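Here is the structure we will look at, set down as structure tokens.
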Amino acid sequence: MTQEISQQTIDIVKSTAPVLKKHGKTITKRMYEIMFATHPEVKSQFDMSAQANGSQPAKLATAVYAYATHIDDLGALKTAVDKIAHRHVATHVLPEQYPVVGECLLKAIQDVLGDAATPNVIAAWTEAYEALADIFINREQQIYQEV
């Protein structure tokens, strides 16, 4: 069951879209650094050449920006969500890994944005990330059942 996102969270997340457009790749690059340092067991699920050449952080930054932009119209993201969910299934992403990614993403947002990552911004992104994780977990479960 996907959780509802509060209007306050929608407003805050949408307001961060320009910052994410500008700093998104720096944030996602930092997120992967944090995640691989603190959870090295997930490294095998990633194409490390895509990390080295920056394409994976760039793709994630684009996806996070799209989510921030369309958080109030998630239907616009259906095709992208489906593509990413299929990739997650192919690389054996598990539901219990989503909190790890969320924790690392939020830490990266704080690291990169500094004082601009106010408690309200972090709280909104926590809620928004948890809702998005639910969407992916549910879609991936459907894909696993189809196989």
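The values are calculated or read from the model by the stated rules, or taken from the named source; none is laboratory data. Please read all numbers here as calculations on a predicted model, not as lab measurements. Reconstructed Cβ throughout: ideal geometry from the backbone, glycine too, with neighbour counts over all protein chains shown. Just so you know, the surface numbers come from the protein's heavy atoms only, side chains and all, with ligands and any DNA or RNA stripped out. Shrake-Rupley method; radii C 1.70, N 1.55, O 1.52, S 1.80 Å.
What is the calculated FRET efficiency for K22 to Y144, with r their C-beta to C-beta distance and R₀ = 25 Å, to the nearest 0.05?
0.10
Just to check I understand the Karplus step: with θ = phi - 60° and J = 6.51 cos²θ - 1.76 cosθ + 1.60, what whole-Hz values come out for the stretch 114-124, glycine and proline as x?
Computed from phi, the couplings for the stretch 114-124 are x, 5, 5, 8, 5, x, 5, 5, 5, 4, 5 Hz.
Using θ = phi - 60° and the Karplus relation 6.51 cos²θ - 1.76 cosθ + 1.60, list the HN-Hα couplings for the stretch 9-26 in order, rounded to whole Hz, with x at every Gly or Pro.
Per residue, the Karplus-derived 3J(HN,Hα) values read 5, 4, 4, 5, 4, 4, 5, 8, 3, x, 5, 5, 4, 6, 10, x, 5, 5 Hz.
In terms of solvent-accessible area of protein heavy atoms at a 1.4 angstrom probe, what is the ranking of T16, T79, T118, highest value first?
T79, T118, T16
What is the gain in length, in nm to one decimal, between A90 and D73 on full extension, counting 0.36 nm per residue of separation less the C-alpha to C-alpha distance?
Extra length available between A90 and D73 comes to 3.4 nm.
In nm, what is the difference between 0.36 nm times the number of residues separating I10 and A80 and their Cα-Cα distance?
23.3 nm
What whole-number value in Å² describes the accessible area per residue of the chain for a 1.4 Å probe?
For the chain, the solvent-accessible area averages 56 Å² per residue.
Compare K83, K14 by solvent-accessible area with a 1.4 Å probe and give them largest first, with all protein chains kept in place. Show your work: numbers first, answer last.
On the way: K83 160, K14 75 Å².
Ranking K83, K14 by accessible area, largest first, yields K83, K14.
Can you tally the net charge around Q8? Count Lys and Arg as +1, Asp and Glu as -1, for every other residue whose Cβ sits under 14 Å from the Cβ of Q8.
Every neighbour counted, the sum reads -3.
Can you pull the semi-axes for the chain, root of five times each eigenvalue of the Cα gyration tensor, sorted largest first, whole Å?
Working: eigenvalues 98, 79, 37 Å².
Rounded to whole Å, the semi-axes are 22, 20, 14.
Short version: ³J(HN,Hα) in whole Hz for each residue of the stretch 92-108, in order, from phi by Karplus 6.51 cos²θ - 1.76 cosθ + 1.60 (θ = phi - 60°), x for Gly and Pro, what are they?
Each residue of the stretch 92-108 in turn: 6, 5, 10, x, 6, 7, 4, x, 4, 4, x, 4, 5, 5, 5, 5, 5 Hz.
Counting only other residues whose beta carbon sits under 13 Å from that of D82, what net charge do I get with K and R as +1, D and E as -1?
+2
Give the carbon-plus-sulfur fraction of the accessible surface of the chain in %, rounded to a whole number; probe 1.4 Å, heavy atoms of protein chains only.
Within the chain, the accessible surface is 58 percent carbon and sulfur.
Taking K and R as +1 and D and E as -1, what net charge do the other residues with C-beta under 10 Å from the C-beta of R139 add up to?
Surrounding charge for R139 is -2.
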